[in-house]
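Here's the structure we're looking at; comments come further down.
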Amino acid sequence: MLFSEQLLNPLVAVLKSDRLAYTDMGEDGGVLLDIAGHQVFTLNEVGMYLVNLIRNDDVDAAEPLTQRVVAEFQVDEATARTDVDEFLSELARFLGLSK
C-alpha cells in the first residue's frame with residue numbers, strides 16, 4: 001500500500017503531540033510508545049531517522065523525506081521512496097490513521 005499524502009498532516013500532528021513517547025537508540029533504531037493506545041512500535045535506524053525528521057522539521061510531503069534518506073543512507077531513490085512509503089503507511093496504521 002502506498003502512503004497517502006493526505007495522511008501526512010495528521011501523522012505529523014500525532015508525532016508532535018504528547019500522545020507518544022520516544023526512545024532513540026541511535027544505530028539500533030528506537031521505540032515509539034503510544035500512551036493512549038498502550039502499544040509499542042519498534043523502529044530500525046531509518047525509521048527513527050524519519051520520525052525525528054517529521055518531529056523536528058516542517059514536512060509537507062513524503063518526497064523531501066525520500067531525498068533526505070537518499071542523502072543520509074546512500075541508497076538509490078527508488079529504494080528510498082519505497083521504504084519511506086511503506087514506513088509511513090505502517091506508522092499511520094499503527095496510529096489508527098488508516099486501515
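Shown for the chain are the DSSP H helices of 15 Å or more along their axis, judged by Cα atoms, with a mean Kyte-Doolittle hydropathy of at least -0.5: 45-56, 62-73, 77-94. In this structure R81 has an accessible area near 80 Å², from a 1.4 Å probe over the protein heavy atoms. Between the amide H of S98 and those of R93, distances stay under 5 Å, these residues lying 5 or more places away or on another chain, with hydrogens modeled in the peptide plane.
How much FRET efficiency would the formula 1/(1 + (r/R0)^6) give for R55 and K99, where r is the Cβ-Cβ distance and R0 is 30 Å, rounded to 0.05?
On the way: r = 24 Å, r/R0 = 0.81.
FRET efficiency, R55 to K99: 0.80.
Here, the chain is characterised by an Rg to Rh ratio of 0.93, where Rg is the alpha-carbon radius of gyration and Rh the Kirkwood radius. Using equal-weight Cα scatterers in the Debye expression, the normalised intensity of the stretch 13-53 in log10 at q = 0.15, 0.19, 0.32, 0.33 Å⁻¹ is -0.31, -0.49, -1.11, -1.14. Taking 0.36 nm per residue of sequence separation and removing the Cα-Cα distance, the A71/D24 pair yields an extension gain of 14.9 nm.
Sorted from largest to smallest, which semi-axis lengths in Å does the alpha carbon gyration tensor of the stretch 50-98 give for its equivalent ellipsoid, taking the root of 5 times each eigenvalue? List each step's numbers first, then the result.
Numbers: eigenvalues 69, 35, 13 Å².
Result for the stretch 50-98: semi-axes of 19, 13, 8 Å.
The values are calculated or read from the model by the stated rules, or taken from the named source; none is laboratory data. In this text the structure is predicted, and so the values were computed from the model without any measurement. Neighbour counts run over all protein chains shown; Cβ positions are idealised from the backbone, glycine included. Accessible surface is based on the protein model in full, side chains and every heavy atom, while ligands, DNA and RNA are left aside. Shrake-Rupley method; radii C 1.70, N 1.55, O 1.52, S 1.80 Å.
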